[in-house]
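Structure record follows, encoded as structure tokens.
The values are calculated or read from the model by the stated rules, or taken from the named source; none is laboratory data. Owing to the predicted nature of the structure, the values given are computational and were not obtained by experimental measurement. When we count neighbours, we look across all protein chains shown, and the Cβ atoms used for this are built from the backbone with ideal geometry, even at glycine.
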Amino acid sequence: MSRAVLSIGSNLGDRRANLDVAVVALRPWLVAMSPVYETPPWGPVEQDAYLNAVLLVADPAATPADWLARAHEAERAAGRTRDVRWGPRTLDVDVVTVDDVVSDDPELTLPHPRATERAFVLVPWLAVDPDAQLSGRAVSAWLAALPDDDVRAVRPVQGVPGP
């Protein structure tokens, strides 16, 4: 069974509807979805806040490349264009990890090379899987190593229904 962790985020247009596009596209493999969080943008580009969540997905036959293709298809369904690195987007779907695969392939580096630095990935992931591990270490330990301000900036969105 191939299990993957996908991080989804949107900061353009109807952010919640854009997240729903990802959920619908990935529903055949969806095991669980975290609560939705509002988070500040990450990276050097000035932009609006994001809505973020984490999806746990599984498929007995999927490869890491399949998960990446499905992520890109969900992004296309939401009208995603790749104009500016770390810039605003209708939908971003990152493959965080697939099973225990380690890969330095430039098309899909696993686990995601910056996941351990991103509270907007770790907080939702822990909410949906409190025992999660990444690179042989508890996700809670990765989160504890981040600056408190980064963690506090990841705020749950009240009244947002799940998938």
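Descriptive notes on the structure:
- Tally of residues being of a type in the set (A, V, I, L, M) and over 18 Å from G9 (Cα atoms) across segment 109-132: 2
- Residues located in segment 3-53, provided they are surrounded by fewer than 23 Cβ atoms within 10 Å (Cβ to Cβ), closer than 21 Å to P111 by Cα and β-branched (V, I, T): V31
- Of all residues in segment 39-61, those satisfying the criterion of being aliphatic (A, V, I, L, M) and farther than 22 Å from Q158 by Cα are V45, V57, A58, A61.
- Residues within segment 127-156 that are within 14 Å of P40 (Cβ to Cβ) and touching a residue at least 24 places away in the same chain (Cβ under 8 Å), tallied: 6
- Selection count, segment 123-135, where residues are within 9 Å of the chain's Cα centre (by Cα) and among the hydrophobic types (A, V, I, L, M, F, W, C): 1
- Close pairs (7 angstrom Cβ cut-off, 6 or more residues apart or separate chains): among the small types (G, A, S) in segment 115-126, assigned to a helix (DSSP H, G or I) and at pLDDT 95 or above anywhere: A115/V121; A119/L143; A119/D150; A119/V151
- Residues being without any contact (Cβ under 8 Å) to a residue 40 or more places away in the chain and either assigned to a strand (DSSP E or B) or at positive phi (or both) - total across segment 18-62: 1
- Each residue in segment 24-41 was checked for being among the β-branched types (V, I, T) and closer than 11 Å to A78 by Cβ, and 1 pass.
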